[in-house]
Amino acid sequence: MKKVEMIVAILVILGALNWGLVGLFDFDLVGFAFGSFLIDRLVYILIGIAGIYQIVSLVKTKKRVR
């Protein structure tokens, strides 16, 4: 796995875990771990970009399979 894909996978997993914890316990893991509003915001932006990267990657893979 390329380094970029590994980082993307970690960010997507972090985002999924965070949403799960928010939904179940109203606990923001990213906010707790990083504390600062600016750093939180940056991490959320990176998670969003990672999600978009995953979507594009899946679409490209689906086109190659056909």
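Every read-out reported here was derived from the displayed coordinates using simple, explicitly stated rules and does not represent laboratory data. Here the structure is a predicted model, which is why all the values come from computation and not from measurement. As a convention, Cβ positions derive from the backbone with ideal geometry for all residues, glycine included, and neighbour counts pool all protein chains shown.
A protection proxy built from the mean count of other Cβ atoms within 10 Å ranks the segments 35-47, 52-64, most packed first, as 35-47, 52-64. With K and R counted +1 and D and E -1, the other residues having a Cβ less than 13 Å from that of residue 9 yield a net charge of +1.
Relative contact order of the chain, taken over Cα pairs closer than 8 Å and 6 or more residues apart, is 35 percent. Between helix 37-65 and the chain, what is the angle of the helix's C-alpha long axis to the longest principal axis, kept within 0 to 90° and rounded to the nearest 10? Helix 37-65 sits at roughly 20 degrees to that axis. For the chain, the spread of Cα positions along the three principal axes, ordered from largest to smallest, is 43, 24, 17 Å. Helix 3-25 and the long axis of the chain differ in direction by around 50°, with both axes built from C-alpha atoms.
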